[in-house]
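Each remark here refers to the structure printed beneath this line.
The values are calculated or read from the model by the stated rules, or taken from the named source; none is laboratory data. Computed from a predicted structure; not experimentally measured. All Cβ positions, even for glycine, are placed from backbone atoms using ideal geometry, and neighbour counts span all protein chains on display.
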Amino acid sequence: MTRPSGGERDLWSRWYAVLDDPSPLVKQAPTVVVLAMAVVLTLTVPDLAFHPLATALAGILVVVTATALAAVLTFQKVDAGVAVLVIPMADILGLGLFRAGTGGAGSLFAGLILLPILWIAAAPGFRWVLVVAGLTAVALVIPFLSSPPASSSEWLRIIITPTVFSIAAAIINELSRVARIRTEEAEALAAERADALDENLRVVAKLQESEARYRELLEMFRSVWNATTAQAVVGTDRDGLVVLWNPGAAALLGYEDIDTEYAIRADRFFPRSVLDELGQGAPDAADDDPLAPGMRAAFNATDSGESFVRELELLRMNGTTVPVRLTVTSRVDGLGTPVGYLLVAIDETRAIEVARMKDEFVGMISHELRTPLSSILGYIELLRDDPQHPLTDEQLQFLAVAERNARRLLKLVGDLLFTAQVESGQFPLDTREIDLLSIVSASVESAMPVADAAGIALVGELPEGPVMLRADPVRIGQALDNLVSNAIKFTPRGGQVTVGVGLPAGEAVVTVRDTGLGIPPEELDRLFTRFFRASTATRNAVPGVGLGLNITKAIVTAHGGSMDVSSDEGVGTEFRMVLPRQQTP
Amino acid sequence: MSAEPLALVVDDSDDQAELLRRYLERAGCRVVTASTAEQALLLLDDIRPALAVVDLVLPGISGVDLAARLRETHPECLIVISSVLDSSRYPEADAVLPKPFTGAQVARVVQQAAERG
């Protein structure tokens, strides 16, 4: 236990310690002092004299020896126990001898013996009272060893004096016992108080520490809050009343320097049309709900655990709108109870502008590439099919090479344009009721010459009858052509490519299976990524740019279907195109 | 009306206009070409073509507007849209020749016009 300490208090406590917890030497001091005074008195007062001198000297010697023992024990820091009590016991005997040597029963100094008696009597335990009785009796009997008691009053003195001393010792013993108990209780109480004080100090220190940490967090939060100028953050209560907002919100929505707390509702930042759209299909809100139904629908969606992320328009203070990506999340207090909502809006104006520029760029590039390619192909055909100027076989062959390469470029341009359209989420689908089987067989047929040339057996395993579903025949054909031409490209001479159609309930599954190079398993999940090419493709120098599967997947996904692939390296690959189909009753 | 139908070609690319002229002539048409919609509209004051092949991307008045005007002023004319743009962006027309087209496609369109005439 540590207590606050100062120099002055140190000094006091040192004195206090001497008296509170006295060393044997301190306890012995009164006896020595009084004895010294007795010796001096005996030597100076003519009426007093040492008689017999030897006995008095023996008594002094005993007390001096006891004092020496006290010094030793003090030095050794022993200040309790039987060893210490030997000192007053010796004192009693020594003072008894001194009394005997200064006049015996008539000695002036019989009272000296009380000092060591007090010492012993104060020791804990009743047995010390008996010790006092015994020792006192012995000490007081000493003078009578040389001259036995002459009268009955002297006999009584032998009995009464030790008895009185013993009774006094008993009272002191009892009083000191009570005092000791009180002291112990007081000390225990004091220790308890000190502990409590220390505990309080510790708690205060801890509180200060956590307050500092809290302040630090608060400052950190405040700086982050003020630094988020690119995002608009608006916090509301459960009824949409704005309770806080950041500089980004002020900038985005145009409400500069306005005390918005509890003054406006978040639905004010939404144009009517957006609120109507958000509220569509939502159950009717309570009549007394101050919040617009659309806003309430968005909040309810957040409450039910849905993530609310939308691209929509927000209304500025000046009446204009701004396109944003809006996220709504639940706001909770320290106990985790929802207390409102957080609306985070990111300005999409630039992103939309960039997307538009990209679209324009892609459109312009594809126009600029296709126009000359169209001329090349057209004039090649003019040259080839001129009935007035027929060409030689060799010339026709050269023209065929030129045409094939021009067509390859044209397809690449088309694919690039298409993926750009897919990315901007706006490629057109011309869906109608079609027979899937006719598209599949057309695709197989058109690939037949290529398969023949590559020495690959192309097999169609098609079920009976038409398979009707709603789809864009051109796009589905394009997707299938990609799968079939891929299968042929990746299958060595002598292999087989099988195109099949399965009809599980509600679906049509077109499978394209080859006995080709296969795809390493760790590449399967990246297969549909734009410009990704399997290592088996690059290793075997199979031509392509990595757009086909990306396009195929985009087409199938746009039809509400899905793509699936399984492959064994060196054994073959199977692609499955799953399209939704209405059940024929 | 003479035996050979008259075809109007509107395309700002000379190469494409010349290509179309050749194909159309081989298919048995007389051909008038214009490189802008404005020029075509001037010509149309004097001629009544059986078919008009219109490119969509033109300087000035666009192919879409030209086709709409033609539909009003020359209802008997077969309107054919020819463009490198995606077919989804074509306006309503009687026939289409998405670029690159072939001689056979052009011949079919001429056939269509002859049947209509």
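Residue-wise test of (1) charged (D, E, K, R); (2) without any contact (Cβ under 8 Å) to a residue 40 or more places away in the chain; (3) at positive phi.
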residue: A:E192; (1), (2), (3): yes, yes, no
residue: A:D195; (1), (2), (3): yes, no, no
residue: A:Q208; (1), (2), (3): no, yes, no
residue: A:E216; (1), (2), (3): yes, yes, no
residue: A:G235; (1), (2), (3): no, no, no
Hey, could you check the range A:67-103 for residues that are among the β-branched types (V, I, T) and touching a helix residue (DSSP H, G or I) at 6+ places or on another chain (Cβ under 8 Å) and say which is surrounded by the most Cβ atoms within 10 Å (Cβ to Cβ)?
A:I92
Filter result (crowded, with 17+ Cβ neighbours inside 10 Å and among the hydrophobic types (A, V, I, L, M, F, W, C)) within the range A:381-415
A:A406, A:L410, A:V413
Qualifying residue in the range B:43-52 (condition: over 17 Å from A:G378 (Cα atoms), in contact with a Lys or Arg (Cβ under 8 Å, 6 or more places away or on another chain) and surrounded by fewer than 16 Cβ atoms within 10 Å (Cβ to Cβ)):
no
Among A:L437, A:L483, the single one that is assigned by TED's automatic domain parsing to the domain that holds A:I551, in contact (Cβ under 8 Å) with a residue 40 or more places away in the chain and within 19 Å of A:V542 (Cβ to Cβ) is A:L483
Residue in the range B:23-34 that is farthest from the other protein chains (Cβ to nearest Cβ), counting only those that are without any contact (Cβ under 8 Å) to a residue 60 or more places away in the chain and crowded, with 18+ Cβ neighbours inside 10 Å
B:V32
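Does A:G560 fit the bill of being over 51 Å from the mean Cα position of the chain (by Cα) and on the phi > 0 side of the Ramachandran plot?
Working: over 51 Å from the mean Cα position of the chain (by Cα): no; on the phi > 0 side of the Ramachandran plot: yes.
Criteria not met by A:G560.
Going by what's in this entry, would A:I488 be described as crowded, with 17+ Cβ neighbours inside 10 Å, at pLDDT below 90 and either assigned by TED's automatic domain parsing to the domain that holds A:M448 or closer than 26 Å to A:I434 by Cα (or both)? Can you show your working first?
Details: crowded, with 17+ Cβ neighbours inside 10 Å: yes; at pLDDT below 90: no; either assigned by TED's automatic domain parsing to the domain that holds A:M448 or closer than 26 Å to A:I434 by Cα (or both): yes.
No; evaluated as a whole, the condition is false for this residue.
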Go through (1) under 24 Å from A:V578 (Cβ atoms); (2) in a helix (DSSP H, G or I); (3) in contact with a Leu (Cβ under 7 Å, 6 or more places away or on another chain); (4) not hydroxyl-bearing (S, T, Y) one by one and return the number of the condition A:L469 breaks.
(2)
Could you please let me know if A:D564 is of a type in the set (D, E) and either surrounded by 21 or more Cβ atoms within 10 Å (Cβ to Cβ) or part of a strand (DSSP E or B) (or both)?
yes
Determine whether the range A:522-542 contains at least one residue that is under 16 Å from A:S443 (Cβ atoms), surrounded by fewer than 22 Cβ atoms within 10 Å (Cβ to Cβ), modelled with pLDDT of 85 or more and of a type outside the set (S, T, N, Q).
no
When A:P504 is run through (1) assigned to a loop (DSSP other than H, G, I, E, B); (2) more than 17 Å from A:L436 (Cβ to Cβ), the failure sits at (2)
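Modelled with pLDDT of 90 or more, closer than 21 Å to B:D15 by Cα and either within 14 Å of another protein chain (Cβ to nearest Cβ) or outside any helix (DSSP H, G or I) (or both): which single residue out of B:V84, B:V110, B:V80, B:V57 fits that description? Walk me through how you get there before you give the answer.
Numbers: B:V84 fails: modelled with pLDDT of 90 or more; B:V110 fails: either within 14 Å of another protein chain (Cβ to nearest Cβ) or outside any helix (DSSP H, G or I) (or both); B:V57 fails: modelled with pLDDT of 90 or more.
Of the residues listed, the single one that is modelled with pLDDT of 90 or more, closer than 21 Å to B:D15 by Cα and either within 14 Å of another protein chain (Cβ to nearest Cβ) or outside any helix (DSSP H, G or I) (or both) is B:V80.
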Of everything in the range A:48-82, what is part of a helix (DSSP H, G or I) and within 60 Å of the chain's Cα centre (by Cα)? Give them in sequence order.
A:T74, A:F75
Scan the range A:415-463 for residues that are farther than 18 Å from A:V545 by Cβ and of a type in the set (F, W, Y) and jot them down.
A:F427
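Filter the range B:10-21 for residues that are buried (at least 21 other Cβ atoms within 10 Å of the Cβ) and either within 13 Å of chain A (Cβ to nearest Cβ) or over 9 Å from the mean Cα position of the chain (by Cα) (or both) and give the result.
Filtering the range B:10-21 for residues buried (at least 21 other Cβ atoms within 10 Å of the Cβ) gives B:10-11, B:16, B:19-20.
B:D11, B:Q16, B:L19, B:L20, listed by residue number.
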Does the range A:202-225 contain any residue that is surrounded by 10 or more Cβ atoms within 10 Å (Cβ to Cβ) and in a loop (DSSP other than H, G, I, E, B)?
no
Qualifying positions in the range A:417-441 - away from chain B (no Cβ under 13 Å), touching a Leu at 6+ places or on another chain (Cβ under 9 Å) and part of a helix (DSSP H, G or I)
A:T419, A:L436, A:L437, A:I439, A:V440, A:S441
